[in-house]
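So the structure is just underneath, and the comments pick up after that.
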Amino acid sequence: MSKSIGKILGAGNASTSMYGSEKNILNYLNQYDTSNVDNTYKNMVQNAYNLSNSLSSRPDYIYSVDGSDAARQRMENAVYQSAVDKLSPQFETQRSQLETRLQNQGLSVGSEAYQRAMNDLTQKQNESYTQAAYNSIIQGQDAFTNSLNNQINAGTFQNNARNQAVNEILNLLTNSHSGYDVNMDKYRVQSGADTRIAANKAANADAQQAVGMNFLQGAASAALGLFSDEELKEGIIPVGKLFNGLTVYLYAYRGDPTPQIGLMAQEVAFENPDAVFVDESGYLKINYALACR
């Protein structure tokens with residue numbers, strides 16, 4: 001009842017309908033064409049599915065490089081063998097030249113001087129092989145590191161090149177909206193409007209009830225000064241009920257167009273005679289403090 005009175009008195013006027021701006025954006029979103037974006041995503045999803053089924057057998061992606069100890073050893077051996085291939089012919093030539101020189105000096109094969117000279121040459125050659133082996137470790141490790149880095153760089157470049165097309169598509173889609181995006185935007189707009197409207201309705205109801213209660217309390221405080229005789233009123237319209245069942249009316253006193261809200265003395269007298277009395281003028285008045293109990 002008090003809500004109805006408060007509403008009639010103009011309380012609680014917060015908007016409980018969708019704003020024009022909300023309607024405009026929803027109308028725009030409802031007409032937004034997402035078919036191109038949706039089809040693009042659909043193609044990408046299908047390609048992703050196909051790719052996932054063939055990852056282990058794809059030759060166009062680099063997933064690993066050979067950084068094993070065996071690979072390092074192969075590189076060191078290759079460097080050492082390269083050095084041996086260069087040294088061996090030189091050593092053969094040195095040995096042949098030494099043999100010829102010793103024979104020219106009259107030293108026979110097997111003699112002490114001959115054997116000492118050949119042993120000296122063999123020792124020098126063995127030292128050269130040892131140095132080559134040492135160098136092969138250092139150079140082999142460097143070569144292995146360079147080879148490993150080259151493999152990594154080549155694999156990275158190849159993989160990045162393979163992903164370039166996908167990245168270009170994603171960049172082109174950055175500012176485009178899919179059907180899902182648009183529906184989520186519509187949900188957010190509609191949800192925001194619904195929340196605001198519900199809050200405004202609740203605020204209106206609270207305001208209307210507060211105004212209605214204040215009105216009745218004011219009427220009760222002026223209990224002995226309110227004429228409520230139906231004979232003095234016109235334009236009577238029922239607008240609600242009190243908790244005790246009495247009807248509340250909108251009306252105006254005869255000769256005064258000002259709208260009023262209150263009870264009808266005749267009805268109150270029927271339900272609660274103690275709340276009604278006759279004024280000296282002969283018209284009925286209501287004790288609202290008693291009538292509103």
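Every number in this text was worked out from the coordinates using simple rules, so none of it is lab data. Note that the coordinates shown come from a computational prediction; the quantities given were computed from them, not determined experimentally. Heads up, the Cβs are rebuilt from the backbone with ideal geometry, glycines too, and the neighbour counts pull from every protein chain shown.
Between the amide H of residue 240 and those of 248, distances stay under 5 Å, these residues lying 5 or more places away or on another chain, with hydrogens modeled in the peptide plane.
For the pair residue 86 and residue 22 in one chain, pulling the backbone fully straight at 0.36 nm per residue adds 14.5 nm over the alpha carbon distance. The helix-based estimate of mean residue ellipticity at 222 nm for the chain, built from -39,500 (n - 2.57) per DSSP H run of four or more residues and divided by its residue count, is -22500 deg cm²/dmol to the nearest 500. Comparing mean-square fluctuations of 162, 196, 101 from a GNM of the chain with C-alpha springs under 10 Å, the top value falls on 101. Converting phi to 3J(HN,Hα) with the Karplus coefficients 6.51, -1.76 and 1.60 and the offset θ = phi - 60°, region 234-249 yields 8, x, 6, 9, x, 10, x, 9, 6, 4, 8, x, 5, 7, 9, 10 Hz in sequence order, with x at every glycine or proline. Note that region 105-111 has calculated 3J(HN,Hα) couplings of 7, x, 8, 7, 4, x, 5 Hz, one per residue in order, obtained from phi through the Karplus relation 6.51 cos²θ - 1.76 cosθ + 1.60 (θ = phi - 60°); glycine and proline are x. Each residue of region 136-151 is assigned a 3J(HN,Hα), and the resulting list reads 5, 5, 5, 5, x, 5, 4, 5, 5, 4, 4, 5, 5, 5, 5, 5 Hz, derived from the Karplus form 6.51 cos²θ - 1.76 cosθ + 1.60 (θ = phi - 60°), x at Gly and Pro. If you count Lys pairs in the chain whose Cα atoms are under 13 Å apart, skipping same-chain pairs closer than 8 places in sequence, the total is 5. For the chain, the longest principal axis of the Cα atoms and the long axis of helix 179-221 meet at an angle of about 30 degrees.
Between the Cα long axis of helix 20-30 and the first principal axis of the chain there is an angle of about 40°, rounded to the nearest 10.
Among the chymotrypsin sites (Phe, Trp or Tyr not before Pro) in region 223-293, those placed in a DSSP loop whose Cβ has at most 14 other Cβ atoms within 10 Å are 243, 283.
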